[in-house]
Amino acid sequence: MTPKEVLELTKKNKVVMVNLLFVDFPGVWQNLSVPIGQLKEESFEEGFGFDGSSIRGWQAINASDMLLMPDPTSAFIDPFRVHITLNLICNILDPITKESYSRDPRYIAMKAVNYLKSTGIADTAYIGPEAEFFIFDDVRFDQKTNEGYYYIDSIEGIWNSGRDEKPNLAYKPRHKEGYFPVSPTDVFEDLRSEMVMVLQHCGIEIEAQHHEVATAGQAEIDMKFAPLVKMADYVMMFKYVVKNVAYRNNKTVTFMPKPLFGDNGSGMHTHQSLWKDGKALFAGDGYAGLSEMALHYIGGILKHSKALAAITNPTTNSYKRLVPGFEAPVNLAYSARNRSASIRIPMYSQSPKAKRCEVRYPDPSCNPYLAFSAMLMAGIDGIQNRIDPGEALDKDLYDLEPEELASVPQMPGSLDEALKNLEDSHDFLLKGDVFTEDSLKTWISYKRANEVDAMRLRPHPYEFFLYYDI
């Protein structure tokens, strides 16, 4: 869509407001709204000014002026606003030099795709994430000097099987038994379908929706794969739509990886493949029907996974899910069909076009622009350096003998450890100036100061259970 076509769209739909969207460093959409009269064809070249010093991890206050540059191809009508509103996703530019901003996550993703093309390896990276989430009825939390707590409730929570609901109609999914039950056990079928309808109205193709494994409304809605930058845009749209559909139905959604103790967390299994001139490059005659390129791509991701974790699993809560011996794939190995490996080769279809790898450890708390770009850069490094992924492990990795398991590398056990790995090993991300030293140092320092240290300083409620009587 061109700027002229965007303006025609606004007239056709009688748009009165324009919502300018951009993603901050941690991965949350921000916005500035202007009346429709402020949007002109030249707006797509001149942009809109805003204060970059108020955005997490961005500009200093003495250099705060920045520009929002709308991308006309991203236009869609907002399905939630009372007044008809056009949404435009923006890139961030310096107002003086008009250069793209090095800490803009969307720009980093664009550079990753351009770097892929410059190598001659491929011209398209297709990404297909499965962003799981929870639907809750009531969420409360607080943290003060003398108290700290959280409280979550759900009509579906198995902990409510004995609650007097006048009447309690039962049919609550047991722990780890929430996968695919029909109603009335699954009470969110209609809500998820409403989410699907709105997502499709916004232009996102949906393949399926279903209840996920955990009790208390864990859900998954699967988007059809798309090129990397477009898919990162879609993930942001996906979160926006899912949260707002839930909100207007008096529900709340979280993409927090591990909100519940004792049940499965939410992952974002990410399917990936490379194409060139319309041809799939991951199909071949190697293991599980993979090409040599695909195996080297997997080798690169496995080699760099401990550093990638700081971007693909970027919260302290992420490591409540990535715990050895439980459901999340912490073992750095690859396998066909085997969901206990951190990289799986899906075998549903033998078509060369369907051949891909699925990286299973990322979670939906990540910034999709940064996570997809980082994994692509690791895969490219694997191809360029012909990194051997080793032998595939087709056994259930959760049942390996301790001696055998000891030889399998594992994901970091904490965000602090992941950040240290990224700090020590990130040269592969700097190629093509995709990530810069400045952007990575800012990411690491922001995460340490605002998340790792912030958690270290606060007592945990369970510590009182363990230690109060010492």
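A few notes on this one:
- The mean sequence separation of alpha-carbon pairs under 8 Å and at least six residues apart, normalised by the residue count of segment 44-93, gives a relative contact order of 33 percent.
- Net charge of the neighbourhood of residue 40, taken over other residues with C-beta under 11 Å away and scored Lys/Arg +1, Asp/Glu -1, is -3.
- Cross-link reach list, aspartates and glutamates versus residue 431, counting only Cα pairs under 12 Å and skipping chain neighbours closer than eight places: 381
- Cα centroid separation, segment 67-131 to segment 193-208 (Å): 21
- Taking 0.36 nm per residue of separation and subtracting the Cα-Cα distance, full extension of the segment from residue 388 to residue 276 would add 38.1 nm.
- Over segment 246-391, relative contact order from alpha-carbon pairs under 8 Å, at least 6 apart, %: 33
- Amide H contacts of residue 124: 275, each under 5 Å away and 5 or more positions distant or on a separate chain (H built 1.01 Å from N in the peptide plane; Pro and chain starts excluded).
- Once the mean of 1/r is taken over each pair of separate Cα atoms and inverted, segment 193-337 shows a Kirkwood hydrodynamic radius of 17.5 Å.
- Assigned charges on the beta-carbon of Lys, Arg, Asp, Glu; segment 321-470 dipole about Cα centre (debye): 720
- Leading residue at positive end of dipole, the chain (Cβ point charges), from 426, 203, 242: 203
- Multiplying the residue separation of residue 406 and residue 323 by 0.36 nm and subtracting their alpha-carbon distance yields 28.4 nm.
- Links that overshoot a 25 Å alpha carbon limit, given the list 11/98; 306/447; 98/420: 11/98; 98/420
- Long-range HN-HN contacts of residue 357 with modeled amide H, under 5 Å: 272
- Selection of chymotrypsin sites (Phe, Trp or Tyr not before Pro), segment 245-310, meeting DSSP coil and at most 11 other Cβ within 10 Å: 261
- Approximating the spin labels as points 7 Å out from Cα along Cα→Cβ, the residue 395-to-residue 80 distance works out to 4.8 nm.
- For segment 333-433, the normalised intensity computed at q = 0.15 Å⁻¹ comes to -0.80 (log10 of I(q)/I(0), Debye sum over alpha carbons, equal scatterers, no solvent).
- Remark on residue 135: its backbone amide H falls under 5 Å from those of 218, 219, a criterion applied only to residues 5 or more positions apart or on other chains, H modelled at 1.01 Å from N.
- Listed by chain and number, the lysines placed with their C-alpha closer than 29 angstrom to that of residue 14 are 4, 40, 230, 239, 243; residues fewer than eight positions away on the same chain are left out.
- Placing unit charges on each Cβ (+1 for Lys and Arg, -1 for Asp and Glu) gives the chain a dipole about its Cα centre, and among 232, 269, 58 the Cα reaching farthest toward its positive end belongs to 232.
- Per residue, the average separation of C-alpha pairs within less than 8 Å and at least 6 apart gives the chain a relative contact order of 15 percent.
- Correct choice for Cα extents along the principal axes in Å that was computed from the model, options [x] 87, 60, 43; [y] 95, 69, 61; [z] 63, 61, 49: [z]
- Taken one residue at a time, the phi angles of segment 168-185 give Karplus couplings (6.51, -1.76, 1.60, θ = phi - 60°) of 7, 8, 6, 6, 9, x, 5, 3, 6, 10, x, 7, 6, x, 7, 5, x, 5 Hz. Gly and Pro are set to x.
- Sites residue 208 and residue 114 - FRET efficiency at Förster radius 35 Å, r taken between beta-carbons, to 0.05: 0.60
- Counted residue by residue at 0.36 nm each, then reduced by the alpha carbon distance between them, the extension gain from residue 46 to residue 1 reaches 14.4 nm.
- Alpha-carbon Debye profile of segment 43-185, log10 I(q)/I(0) at 0.17 Å⁻¹: -1.06
- Note that segment 239-252 has calculated 3J(HN,Hα) couplings of 4, 4, 5, 4, 5, 6, 5, 4, 4, 6, 9, 6, 10, 10 Hz, one per residue in order, obtained from phi through the Karplus relation 6.51 cos²θ - 1.76 cosθ + 1.60 (θ = phi - 60°); glycine and proline are x.
- The phi-based Karplus calculation (6.51 cos²θ - 1.76 cosθ + 1.60; θ = phi - 60°) puts the 3J(HN,Hα) values of segment 43-57 at 4, 7, 10, 9, x, 10, x, 7, 8, x, 6, 8, 9, 4, x Hz, whole numbers, x for Gly and Pro.
- Positive-end residue, the chain charge dipole about Cα centroid, Cβ charges, pick of 322, 118, 170: 118
- Among beta bridges from DSSP that stay inside segment 272-381, the antiparallel ones total about 65%.
- Dipole magnitude of the chain about its Cα centre (Cβ charges: Lys, Arg +1; Asp, Glu -1), debye to nearest 20: 660
- Computed per residue of the chain from DSSP H runs no shorter than four, each worth -39500 (n - 2.57), the mean residue ellipticity at 222 nm is -9000 deg cm²/dmol.
- Scaled radius of gyration (Cα, divided by 2.2 N^0.38 Å) that segment 381-470 gives: 1.57
We did not get these values from a lab; they are worked out from the coordinates using the rules stated. What you are looking at is a predicted structure, and each value in this text was computed from that prediction instead of being measured. Cβ coordinates were reconstructed from backbone atoms using ideal geometry, including for glycine residues, and neighbour counts include every protein chain displayed.
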